[in-house]
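Down below is the structure, laid out as structure tokens.
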Amino acid sequence: MYLINEANFTREISVPNLTSSQSGNAENLTKYGDEKPRLLLQNSLGSVLFTDLDSQVTNGVLDNDADQKWKELVNGKEYDGKVWKGLNYDEGSFKVSLLAYFTYWNWLNDSLSSNLQVQVKNAENINDTNSLVNVWNTFIQMYQGGICEFDKRIYNIHGTTFVDWYNGNNSNYVNLLQFLQDNPTDYPSPQLYNFGNSSNSNSLGL
């Protein structure tokens, strides 16, 4: 995988039966984890910056002697009273990455679209559409600022997940596109691909 690994796929993006060779989920996820993060970074950084970054990544892991700007992109940075958490960071005991959310959304969406069965063992039926919506919205928030500059709190009560969106305009946390724009010396002329007003609730017709 590229800048992520299986440890990133927990909680709402948990992939079932990763340790089972019969499910094929681990192999499929690895393929998506190699392709989708590269695609996302190519479109956000542009070809020149991505080529520079990619030259300092070995077997999907950022080199220890990589340029400081790439360490800051991946691991996070505080600047001018703002906080960029990074492409891959720890949130308590969990590893969180917008690259993993993007990877998971594509993996699950393609699996459902092609009528491939996601191998789930001893699991209750879930609403896959709601899962896709939640994962996409979380990704969009981290990538380009979420929906209407809102953040969200996630609660789990008696096994049911509730999402509470609240105004995040006063937050000093920044998304990926904002971080790139705020640091033009390190990241000159990025491509900054924007998904538009793309809450997945619209793209799925909800």
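For this structure, a couple of remarks:
- Largest-first ellipsoid semi-axes for the stretch 15-103, taking √(5λ) over the Cα gyration tensor eigenvalues, angstrom: 26, 17, 12
- Per-peptide packing, taken as the mean over residues of other Cβ atoms within 10 Å, places 32-40, 186-194 in the sequence 32-40, 186-194 from highest down.
- Extension gain, Asn64 back to Val83 (0.36 nm per residue minus Cα-Cα distance, nm): 4.6 nm
- Among 54-63, 96-105, the order from most to least packed when residues are scored by Cβ within 10 Å on average: 96-105, 54-63
- In this structure, Ala26 and Thr51 have a Cβ-Cβ separation that, at R0 = 22 Å, corresponds to a calculated FRET efficiency of about 0.15.
- Within-14-Å neighbourhood charge of Ala7 [Cβ basis; K, R +1; D, E -1]: -1
Read-outs throughout are calculated quantities, based only on the coordinates presented, and are distinct from any laboratory measurement. Note that the structure is a prediction, hence the values are computed from the model and not measured. Cβ: placed from backbone, ideal geometry, glycine included. Neighbour counts: every protein chain shown.
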